[in-house]
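Only one structure is covered here, and it is reproduced in the block below.
Where a number appears in this text, it was derived from the coordinates with a stated rule and is not lab data. Note that the structure is a prediction, hence the values are computed from the model and not measured.
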Amino acid sequence: MALIVGAILLTFVVFPVVNGFTASAFWSASTTDGARLLEWVNGIWVFSGAIILIAILSYVWVNTRQ
């Protein structure tokens, strides 16, 4: 149930807020290093749901195999 609620929250609450924030003029850099850093942060935000899901599934898998 927690995975379903988390997926719904990520899809309908977190992703629109993050997409709005990263699409704004505030999310820009004047240097190439700054632009690369912002791209990395944006990539982490995009894949955060998958990262969290893999972490939870790994935790459950390790704890149930003992």
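Some observations on this one:
- Per residue, the convex hull volume that the Cα atoms of the chain enclose (Å³): 75
- For the chain, the longest principal axis of the C-alpha atoms and the axis of helix 32-46 are separated by about 30°.
- Full extension of the segment from S30 to F15, taken as 0.36 nm per residue of separation minus the current Cα-Cα distance, would add 2.9 nm.
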